[in-house]
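The values are calculated or read from the model by the stated rules, or taken from the named source; none is laboratory data. Everything numeric here is computed off the predicted structure, so don't read it as measured data. Cβ sites come from the backbone with ideal geometry, for glycine too, and all protein chains shown count toward neighbours.
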Amino acid sequence: MIKLFCVFAFLQAADLATTVMTLKLGGVENNPLIQSFLTMGSVLGLVLAKIVVLLIAAGCAAWGRQRPLRCANAAFAGVVSWNLFVIARLLI
């Protein structure tokens, strides 16, 4: 369970970094929930959003809920991959 949570935390850090880079390069955030956090400032809003999801994931880990963490890890691996693709496109 700890390994799943550590992977989740790593993916959240990667999503944070790639989203900040995307925004700095002129990209936009398409997730309406995250957009609402961005009204506080791009980095602060993203950090607060990541804290919220890390707390939810910690609850899943504490209650032994592996399946939601595995699904979230797969989803965020896709999000990070997409962010890297967008960054590459914005750099060209």
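Using the structure shown, decide if residue 4 is modelled with pLDDT of 95 or more and in a helix (DSSP H, G or I). Give the derivation first.
On the way: modelled with pLDDT of 95 or more: no; in a helix (DSSP H, G or I): yes.
Answer is no for this residue.
Can you give me the number of residues within region 51-74 that are of a type in the set (Gly, Ala, Ser) and within 12 Å of residue 7 (Cβ to Cβ)? Can you show your working first?
Looking only at region 51-74, we keep the residues that are of a type in the set (Gly, Ala, Ser), and these are 57-59, 61-62, 64, 72, 74.
With the extra rule that they be within 12 Å of residue 7 (Cβ to Cβ), the set shrinks to 57, 61, 72, 74.
Counting residues in region 51-74 that are of a type in the set (Gly, Ala, Ser) and within 12 Å of residue 7 (Cβ to Cβ) gives 4.
Looking at region 14-60, which of its residues are farther than 14 Å from residue 82 by Cα, touching a residue at least 12 places away in the same chain (Cβ under 8 Å) and surrounded by fewer than 18 Cβ atoms within 10 Å (Cβ to Cβ)?
25, 26, 33, 34, 42, 43, 47, 53, 54, 58 - these are the residues of region 14-60 that are farther than 14 Å from residue 82 by Cα, touching a residue at least 12 places away in the same chain (Cβ under 8 Å) and surrounded by fewer than 18 Cβ atoms within 10 Å (Cβ to Cβ).
Any chance you could count how many residues in region 71-81 are among the hydrophobic types (A, V, I, L, M, F, W, C) and loosely packed, with under 14 Cβ neighbours inside 10 Å? Lay out the reasoning, then the answer.
Restricting attention to region 71-81, the residues satisfying the condition of being among the hydrophobic types (A, V, I, L, M, F, W, C) are 71-72, 74-77, 79-80.
Pick out the ones that are also loosely packed, with under 14 Cβ neighbours inside 10 Å and you get 71, 74-75.
Final tally of qualifying residues: 3.
Of the residues 17, 61, which is under 11 Å from the mean Cα position of the chain (by Cα) and either of a type outside the set (S, T, N, Q) or assigned to a helix (DSSP H, G or I) (or both)?
None of the other options fit; the residue is 17.
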